[in-house]
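Following: one structure in structure tokens, then a few remarks.
Each reported figure results from applying straightforward, stated rules to the coordinates on display, with no laboratory input. Quantities reported herein were computed from a predicted structural model and do not represent experimental measurements. In this analysis, Cβ positions are derived from the backbone assuming ideal geometry, glycine residues included, and neighbour counts consider all displayed protein chains.
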Amino acid sequence: MEKARGPQRLCRLDDIPDGEARGFLPDRRGRDRIFVVRQGGRVHGYLDSCPHHPGARMAWRKDGYLTVDGTRIRCAGHGALFRIDDGLCEQGPCLGSALARVGLVVRAGEILLVAMPSLPDAAPGGSAGIARRPPHGRVGAGAGSDD
């Protein structure tokens with residue numbers, strides 16, 4: 001994982017409702033490249049890329065990364081389901097693989113990006129050839145607030 005050139009502010013913790021996710025574009029190129037899931041005072045960040053097909057977007061719509069009940073991350077292209085706390089795939093074509101983490105810290109109520117793996121290249125059109133469809137239904141284990 002590459003260190004960021006210094007912490008990059010993504011948003012305030014309160015900008016992401018508890019139990020929801022939000023996509024971000026830290027490199028200011030094209031589409032959202034990472035997403036953050038909030039669980040109380042903790043946040044979990046991942047690349048917006050399915051391990052089954054690198055570069056395939058995870059969300060079926062803007063910020064649509066979670067299952068309807070909010071208990072799992074869902075790849076809209078493949079239907080794979082991932083645990084929120086560690087990104088491990090529990091169901092789908094990439095079973096046993098994990099989403100690529102991004103390093104986050106929460107400081108003074110702000111979510112900061114501190115490290116990020118290399119970004120996979122998507123296929124032409126930015127979707128890695130995957131059709132979008134609606135869902136059915138701290139660095140490491142997640143960043144916690146140090147307020």
Inset, instruction - Round to a whole angstrom and tell me the spacing of the C-alpha centers of the stretch 76-97 and the stretch 37-67. - result: 10 Å
Legend entry - Size of electric dipole in the stretch 1-90: Cβ of Lys, Arg +1 and of Asp, Glu -1, about Cα centre, debye, nearest 20: 400 debye
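Starting from 0.36 nm per residue, how many nanometres of slack lie between Ala98 and Asp69 once their C-alpha separation is accounted for?
Working: separation 29, 0.36 × 29 = 10.44 nm, distance 2.07 nm.
Value of the extension gain: 8.4 nm.
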Inset, instruction - Using a Förster distance of 30 angstrom, determine the FRET efficiency expected from the C-beta separation of Ala108 and Asp86, and round it to 0.05. - result: 0.70
Inset, instruction - Subtract the Cα-Cα distance of Arg61 and Ala115 from 0.36 nm times their separation in residues, and report this length gain in nm to one decimal. - result: 16.9 nm
Inset, instruction - Can you bin the stretch 50-98 into rounded, prolate or oblate? Criterion: square roots of the alpha carbon gyration tensor eigenvalues sorted a ≥ b ≥ c, rounded for a/c under 1.5, prolate for a/b above b/c, oblate for the rest. - result: oblate
Inset, instruction - Starting at the first residue of the stretch 58-68, write each ³J(HN,Hα) from the Karplus equation 6.51 cos²θ - 1.76 cosθ + 1.60 with θ = phi - 60°, in whole Hz, x for Gly and Pro. - result: 8, 7, 8, 7, 3, 6, x, 9, 9, 5, 4
